[in-house]
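Since the structure comes first, as structure tokens, the remarks are kept for the end.
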Amino acid sequence: RIQKNPNRPNFFQRIWHARTDFLLGLLFLLITVLYAIFMLTDRVPLLGWILLAGLWLAYAFTSGRLSFPTPLDLPILALVILLPVSYAISTDPASSQTKITGLLLGIALFYLIVNAVRDYQALRLVIIALIILAIGTATLGFVGMDSADGFLENLPEALTQPLDAVRAAIGEGGVHVNTVGGAMAFFLPLLVSLLWDGGAYYRKYLKRKRFPQAHKLLYVLLLLLVLLLVALALWQTSSRGAYLGCAVGLIALAIWKDRRFLWLLPVIVIALMAFFFINADGDFSKLIAILDAGEDQTLTGRLNAWRHSLILIQDFPLTGTGIGTYSAVFEDRYLFEIFPYRTTAYLHTHNTFLSVAVDLGLPGLVAYVGMLTGTGVMIWRTRKLGRSILRVLIKGLACGLL
């Protein structure tokens, strides 16, 4: 028999002991609001930063720590230290401020997750939040991507008017298709992993509920609908890079889930070799021409952008050109000196590693690689720990990141 504990805390004592969770909840709401403001205005008001710092200090006071330690602390600290230098040398302070704001909000959200997700009930909230995030991101992708006009034209006028208002709020020209495609390529392996969980979610969260099979059916239907929405948004982008990235993530997920899918690798290699020799006659130049067909000549343009980015890195190896200033520096300093025949503006480098090195210099690239390495170490160490639902989530997130 369970005996009553004479020292059981009363209601007010439980509230006092739960104050850290209450503060984390307030931080989550505040960061959500600040992210919404940032997405619409590219800015966060000073009052928002003050509230964020004040709530975090209150959490540190009540919990006795600023945060639980992670392998990413040193790389993140290095990036934060580099930001003032990057902003000081920036030739486009407005663009730099936008990038810095996004980075700081991302860091705040990361440490909120680290401190809030300490048990499996919180993990369930993370799964639900990721599903909601996938719905919101895919919906914004449909509405806001810069090539969504054909999709919007097929909708009734009563729907297109509010959607046009949303696109106007997002920004002139909308969101680039590659940005939307990259987000969808992250979510697809995650959603497939949650669907392909071997009953892990049911065993952990639904088995003891009333009508567990009905709950399971609703959960699976929700995942299927979200997966269809994300896949349609990915298809709408027509982004070959996103297609390729998504394929790699899904193949890695299949092999990680079941080693029998290793047979896919030789089949893919044989298919690629057959395509290379049959359609391109074994000639790499013909292969590039086939893959890069069209008016935009994507691959050729990116090779030029990468070559030009390497020159920028050579000229600014320690500090970079200033975060978010790639286009401005290129236009102001290099257009008529080194690359006189370029006629179209470069908005970014089309390569994450080169982009970090251009913005923050080689020290920033080292810190960024340190973050990826720390993430890989955490995935490797955690892949066999805990319940199966944790491993399902880790596999989906890891393959989406890949």
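The values are calculated or read from the model by the stated rules, or taken from the named source; none is laboratory data. None of these values were measured; they are calculated from a predicted model. Cβ placement follows ideal geometry from the backbone for every residue including glycine, while neighbour counts extend to all protein chains displayed. Just so you know, the surface numbers come from the protein's heavy atoms only, side chains and all, with ligands and any DNA or RNA stripped out. Shrake-Rupley method; radii C 1.70, N 1.55, O 1.52, S 1.80 Å.
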Quick check: net charge around Lys257, other residues with Cβ under 13 Å of its Cβ, Lys/Arg +1 and Asp/Glu -1? +3
I want the local charge near Tyr111. Using Cβ-Cβ distances under 12 Å, sum +1 for each Lys or Arg and -1 for each Asp or Glu among the other residues. 0
Once you sort the root eigenvalues of the Cα gyration tensor of the stretch 46-143 as a ≥ b ≥ c, which label holds: rounded (a/c under 1.5), prolate (a/b larger than b/c) or oblate (the other case)? oblate
Quick one: Cα centre-to-centre distance for the stretch 239-292 and the stretch 113-148, in angstrom? 29
Per-peptide average of other Cβ atoms within 10 Å, ordering 37-44, 201-208, 375-382, 264-271 highest first: 201-208, 37-44, 375-382, 264-271
Among residues other than Leu218 whose Cβ falls under 14 Å from its Cβ, what is the net charge (Lys/Arg +1, Asp/Glu -1)? +3
Report, by chain and number, residues whose modeled amide H sits under 5 Å from the one on Met145, excluding near sequence neighbours (fewer than 5 apart, same chain). Val175
Show which lysines lie in cross-link reach of Lys216 when reach means a straight Cα distance below 22 angstrom and same-chain residues fewer than eight apart are skipped. Lys204, Lys207, Lys257, Lys395
Along the stretch 375-380, what does the Karplus equation 6.51 cos²θ - 1.76 cosθ + 1.60 (θ = phi - 60°) give for ³J(HN,Hα), rounded to whole Hz, x for Gly and Pro? 4, x, 5, 4, 4, 5
Got a number for carbon plus sulfur as a percent of the stretch 191-279's accessible area, 1.4 Å probe? 74
